[in-house]
Amino acid sequence: MVKSITLNNGVRVVVKSMEGLLSVTMGILVGTGAAYETDKEDGISHFIEHMQFKGTNTRTAFEISDAFDALGAQVNAFTGKDVTCYYAKSTSDHAGEAFAVLADLFLNSTFPEEEMEREKGVVVEEINMDEDTPDDLCLDLLARASYGSENYGRNILGPAKNVKGFTREDLFAYKNERYCPQNIVISFAGNIGLNEAEELATRYFGDMECKNFVQREKRVVWQGKNLFRKKPIEQAHFAFGFPTVERDHKDFAATQVMNVVLGGGMSSRLFKRVREELGLAYSVYSYTSHYAETGLFTVYAGVNPKKAVDAAKAVREVICTFAQEGMTEEEFRRGKEQLRSSNIYAQENTASQMLLYGKQMLYKNEVYDFEKRMAEIASVTEEDIKRVIKNNFDFSRASSASVGNLKKAITL
């Protein structure tokens, strides 16, 4: 059973009640992230996410973590390109207590100076770790090669220089503008009563105010560049990007079916050819990222530097063959079935459901409709697949990123 309400101040609440379980996942989603930041703010969404856990008017950082541990609850958060989410999972009998602590850290964080200085060091180390994680670095470079240095091209962590320079005033100013009732969704999924969830949301968020919210527009322009970072590491990493459909596009489901067949699993074209038949890569796959205005179809591989050129050539050949010949009837059937089953499996996971229903409400202001999603997948035709293959693989617009001990960039 699903229920959604909007509080008087504009906070939206969605509840997916899942009887038979013993736990509940609760999340607070904010419509902000790297894509909404200016150059000066680059990295601030992520830094605020860290600082939210560092103390409130009534709890220290230790007391926040200790309160969750005392309940046997789990808590975490993440920052994305266009969403920041704080979430906790608890047994159903402790849902109210866990949500009280989650709401406290979200609403009442004070950003203590001494904690800020410590956390700046932590985040800078996270940036350093990203630099030393070449597959992550490669995919960050691909985003920049595709979209430039703004909006969806931004690295979520931001540059270390920015992080070191953030002040408490910067954090409060950004939070006061972006963390506003009309830009917040509270999502519950699991064994929790609809009335209990509504009462909790109203108790802690009903009086929240914000006068500074202005929705920021994103200027999205496809770049199609090739970026390269030389690093003295044992493996080479490369990724290719193609512009694809936005998340509201009629070809959204067909594009996902196409991705499953090309590089979404161990029976995919890329995996069978590049890894199993040619032995050129340990890891090779594709995936899609869909946003409000655009989308990115990514193909990634991690390879021996000496085989990087051959691997890239093999990837191109697989994509070209796929673009020219399309998929077989058997691949079409299997692709749809794999996409369908992955959506069904997500229905049995409270964290997945919290995020799914929360994002649908945040992005589209509607309740996620599982039956509609199943119908969309079922209705995908082979003609739809032919169309999305034709529309997705324009090599003249492709972007690329490569990282490793290479003489030059790996491109299509």
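The values are calculated or read from the model by the stated rules, or taken from the named source; none is laboratory data. Predicted, not measured: the structure shown is a model, and the values here were computed from it. Neighbour counts run over all protein chains shown; Cβ positions are idealised from the backbone, glycine included. All accessible areas refer to the heavy atoms of the entire protein, side chains included, with ligands and DNA or RNA removed. Shrake-Rupley method; radii C 1.70, N 1.55, O 1.52, S 1.80 Å.
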Projected onto the charge dipole of the range 140-222 (unit charges on the beta-carbon of Lys, Arg, Asp and Glu, signs +1, +1, -1, -1), the Cα from Asn212, Val163, Leu200 with the largest positive-side position is that of Val163
Val13 neighbourhood, Cβ < 13 Å, K/R = +1, D/E = -1, net charge +1
From most to least accessible, 1.4 Å probe, no ligand or DNA/RNA atoms counted, Lys307, Lys54 line up as Lys307, Lys54
Classified through the alpha carbon gyration tensor (a ≥ b ≥ c as square roots of its eigenvalues; rounded if a/c is under 1.5, else prolate when a/b is larger than b/c, else oblate), the range 24-120 comes out oblate
Computed over the chain, the relative contact order (Cα-Cα under 8 Å, seq sep at least six) in percent reads 23
Ignoring ligands and nucleic acids, Ser396 exposes an accessible area, probe 1.4 Å, in Å² to the nearest 10, of 100
Computed ³J(HN,Hα) along the range 285-292: with the Karplus parameters 6.51/-1.76/1.60, θ = phi - 60°, integer Hz and x for glycine or proline, the list is 6, 10, 7, 10, 10, 10, 10, 5
Where a ≥ b ≥ c are root eigenvalues of the Cα gyration tensor, a/c under 1.5 meaning rounded, otherwise prolate if a/b exceeds b/c and oblate otherwise, the range 120-175 counts as oblate
Along the range 178-192, Karplus-curve 3J(HN,Hα) (6.51, -1.76, 1.60; θ = phi - 60°) to the nearest Hz, with x for Gly and Pro, reads 9, 8, 10, x, 6, 10, 10, 10, 9, 10, 10, 8, x, 7, 9
SASA check, Glu330, accessible area w/ 1.4 Å probe, all protein chains in place, rounded to nearest 10 Å², comes out at 90
Per-residue accessible area, 1.4 Å probe, largest first, puts His50, His237 in the order His50, His237
Between Glu113 and Ala409, the two model label points (7 Å from Cα along the beta-carbon direction) sit apart by a distance in nm of 4.5
The set of cysteines in the chain having no other cysteine's C-beta under 4.7 Å reads Cys85, Cys138, Cys320
Expressed as a percent, the accessible surface of the range 149-254 that is carbon or sulfur, using a 1.4 Å probe and the full set of protein chains, is 47
Per the 1/(1 + (r/R0)^6) rule, R0 = 30 Å and r from the Cβ atoms of Thr328 and Tyr287, FRET efficiency to 0.05 is 0.85
Quick calc, the chain, dipole around Cα centre from Cβ unit charges on Lys, Arg (+) and Asp, Glu (-), nearest 20 debye, gives 1620
Summing -39500 (n - 2.57) over every DSSP H run of at least 4 in the chain, dividing by its residue total and rounding to the nearest 500, the 222 nm mean residue ellipticity is -13500 deg cm²/dmol
Given all pairs of distinct Cα atoms, the range 296-378 yields a Kirkwood Rh in Å of 16.1
Per residue, accessible area of the chain with a 1.4 Å probe, heavy atoms of protein chains only, in Å², comes to 45
Of every hundred units of 1.4 Å-probe accessible area on the range 275-349, the number belonging to carbon and sulfur atoms, as a percent, is 46
Surrounding charge for Glu366, neighbours by C-beta under 13 angstrom, Lys/Arg +1, Asp/Glu -1, total +4
Percent antiparallel among DSSP beta bridges confined to the chain, nearest 5, equals 80
On each of the three principal axes the extent of the alpha-carbon atoms of the chain, given in whole Å and largest first, is 59, 47, 37
For Phe370, Phe297, the accessible-area ranking with a 1.4 Å probe, largest leading, is Phe370, Phe297
re the range 1-40: pairs of Cα atoms spaced beyond 14 Å account for a percent value of 66
Residue by residue through the range 71-76, the couplings from Karplus 6.51 cos²θ - 1.76 cosθ + 1.60 with θ = phi - 60°, in Hz, x for Gly and Pro, are 8, x, 9, 10, 9, 6
In the range 1-78 the accessible area split gives carbon plus sulfur, as whole percent at 1.4 Å, a share of 50
